[in-house]
1. Would you kindly identify the helices (runs of 4 or more DSSP H) lying entirely within the stretch 432-545 that contain at least 3 residues that are outside the structural domain of residue 408 (by TED's automatic domain parsing)?
2. How do the pairs read when you match residues in the stretch 278-306 that are under 19 Å from residue 512 (Cα atoms) with residues anywhere that are in a loop (DSSP other than H, G, I, E, B), using Cβ under 7 Å and keeping only pairs 6 or more apart or on different chains?
3. Identify the single condition in (1) out of contact with any Ser or Thr (no Cβ under 9 Å at 6 or more places or on another chain); (2) not in a helix (DSSP H, G or I) that residue 379 does not satisfy, given that it satisfies every other one.
4. Restrict the check to the stretch 545-559 and report whether at least one residue is in contact with a helix residue (DSSP H, G or I) (Cβ under 7 Å, 6 or more places away or on another chain) and under 30 Å from residue 258 (Cα atoms).
5. Just a yes or no: is a residue in the stretch 205-218 touching a residue at least 40 places away in the same chain (Cβ under 8 Å), part of a strand (DSSP E or B) and in the same structural domain as residue 168 (by TED's automatic domain parsing)?
6. Hey, does the stretch 271-282 have a residue that's crowded, with 16+ Cβ neighbours inside 10 Å, over 27 Å from the mean Cα position of the chain (by Cα) and assigned to a helix (DSSP H, G or I)?
7. Only one of these is part of a helix (DSSP H, G or I) and closer than 30 Å to residue 516 by Cβ: 167, 248. Name it.
Amino acid sequence: MAARAGTLLDHLRAQDDATLGALLRARPDLALPAPADTGVVATRAGVRTSVGRACEELDALHLAVVDALLVADADQSPVDPEAVLALLGPTVPRATARAALDHLRALALAWDFAEPDTLDGGRAAILAVPALRDTARRHPAGLGRPAAAGSAVLADPVAVVAALPDDQRAVVEALDTEGPVGRSRAREGDDSPVARLLDAGILRRVDDETVELTREAGLALRGDRPLGEIQAVDPMPAPRRQDPATVDATAAGEALETVRRAEAVIAAWSAAPPAVLRSGGLGVRDLRRLAKDLDVDETAAGLLVETLNAASLVAVSEDADAVWCPTTQADRWLAAPPETQWVALARAWLEMPRQPSAIGQRDSTDKLVGPLSDEVRRPWAAQVRRRVLARLAEFPEGSGPPSVDALVTSLAWRAPRRGGRMRDDLVRACVREATALGVVAHDALTTAGRELLRTARRPDDDPDLAAAAALRPAMPAPVGHVLLQADLTAVAPGRLEPELAAAMDRVAEVESAGGATVYRISENSLRRALDLGWTAADVHELFATRSATPVPQGLTYLVDDVARRHGRLRGGSAASFLRSEDEALLAEVMSLPVAASLELRRLAPTVVVSATPLADVLEALRAAGLAPVAEDADGAVVDLRPRGRRTAPRRPDRASSGGSPSLSDDQVAALVAELRAAVRAATAPRGAATVPGSTRQTASATVAVLADAARTGRTVWIGYVDAAGTASQRVVRPLRVGGGLLEGTDAAVSTEEDPGSSVSFALHRITSVSVLTEQ
């Protein structure tokens, strides 16, 4: 029996390749796994899960059209499209409404009914997918079910509602505003407003304690706005315009600060890695300590450690006493230029399936959510970030929404079914995090952020490299000098050149960081530089050539004094040894209280040895007020400072997009071709079965039929099961049979001018074959 005309399958089969391809692109779940034919696509398009996923992407206007379809009962019988559009009211332009309805047709959520003779006058009709009602809200447009047959309200709903007394009208208006369902134990015949409304058929009883406002009464009450007030366009106000250079420069400053703080975390956790909690994650005390050291709040510190973990720059060590420490990948990151460092952090934040803003909140068991814990994981977090940034990317460069609240309202209009209050909070948190990291500034997406967000256009196109290149000119030029102060501090009026920054890290300690970094020069910091092999002349030259202000005399005296006492006592490994030309100095060392614990033993007037490692000996002597240095076999100064802990990097935790993967143009074209071939195969006139009485031939019979068709140039119909187990039908013109393969051309698209694309099939997967009759 032929399929009834007007079904969704008929609608899809009638579409051209471009329309069918657009449907698969818009709803990729219909194409995965690859459908055997258009019937499979039609079946999937009507499944509740797929329909619900498609509706999640609809904005408020399109959902209002869905409500109109359901109010008109288009999911049950054909309705006039104009009647559906009329339900949207006069505030929605008719052209806008038609375009929205056309989009629902393109998504296969509705289709034109192919039997107009069933309607009076032969008018056009439209049908909706039945699953729309299952996925829609319980009461479309806030309207209840139709009134029961025979109710008085059915005769003239407008007149009945208009004649209601004030007490009854108040009940009806409350139900229309709050929802059509209310609680009442009133019974028909009682002397109460609800009872009289039940008698009039304006309300209908749901159960003993629940009543419902009928659809007809609700429509009559709303007048010319049957579905209520509808926002037909994105409610985003006029954008706030900024100079793109100002936006990029502001964000570049935040990016540099983010990189500096990340370097500080790596340095701190190299020297003193915090322990991993028994339940996983980082302790609250460790987070507070880190926030204090970085001079930021705990929210910013939590975001930073989550980003570092997502970038595989810190991870849990693999030893028995697990700690959070930098990975070996951190050393390569530290050596990279600042713009490359920033891109690694920004990319990790954009794609990590975690919600740093949840840190410090209470979970379902009223426990505090800690950083780096499993409770922070949110698989859909990356999708929310991309939605927010994609909305910002729609503004011209340098421009953004007038406020974050306006952005929240716009995104809520674009996807009403995605979230609610939680969604709005996530949007605000996303903007805060993006601003803190330098992806957004002044609520506008930066040039580097736009590059970071886009996808590669060709194989050699790397958005990360493009983002780094976009950030580089916005960053302030490195400064090649410092300002020495009389209080033994040095001020860096900006980002220092890498060579100068490394030198200042050797001779001074960072006292405060920010737009201008303040370094503190002390006896300990100078001794550290001398321990690394510098001389007093090297330190004097650094200050003389790199300071834009005169070198304070007190600083010169301090350098000379530290250098004069430095290195008079020299040590080596015996496990370790100490040597000095000053015999009195060694005698002083042997008289120290720590000499016994260090197991010092004097071998000669100028030599002392110890069984304690040299690093421990030197640390103890320095604590006692001496200034020893380590030397190698040639007498050169060596650095024995610990290098910090490292662990193997982990594979970055990346979440999926949250929906079906997108399809490329080539994939869509191939799928459409497969569907067309399946339709051709299903409708092709086949001859008698090759093997009488059997629909599944033996392997030898199959090969014989195919070989004969290749020799005579005949076209065949084959049944085929691919590696995924999907059965399909194809029409093929065989060219060669051998080596376990059937090679030929796709007869569904071939012509005399165009022989069609080459195809091949494994012989053992061909389930049946028939030679087609001549047409």
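The values are calculated or read from the model by the stated rules, or taken from the named source; none is laboratory data. Only a predicted model underlies this, so the values are computations on that prediction, with no experimental measurement involved. Ideal geometry is used to build each Cβ from the backbone, glycine not excepted, and the neighbour counts take in all protein chains shown.
1. Filter on the stretch 432-545 gives 498-507, 523-531.
2. 291/297; 298/360
3. (1)
4. yes
5. Within the stretch 205-218, one or more residues are touching a residue at least 40 places away in the same chain (Cβ under 8 Å), part of a strand (DSSP E or B) and in the same structural domain as residue 168 (by TED's automatic domain parsing).
6. Checking the stretch 271-282: not a single residue is crowded, with 16+ Cβ neighbours inside 10 Å, over 27 Å from the mean Cα position of the chain (by Cα) and assigned to a helix (DSSP H, G or I).
7. The conditions single out 248.
Yes/no matrix, rows are residues, columns are (1) basic (Lys, Arg); (2) loosely packed, with under 14 Cβ neighbours inside 10 Å; (3) at pLDDT below 90:
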position: 224; (1), (2), (3): no, yes, yes
position: 234; (1), (2), (3): no, no, no
position: 239; (1), (2), (3): no, no, no
position: 247; (1), (2), (3): no, no, no
position: 254; (1), (2), (3): no, no, no
position: 258; (1), (2), (3): no, no, no
position: 261; (1), (2), (3): yes, no, no
position: 266; (1), (2), (3): no, no, no
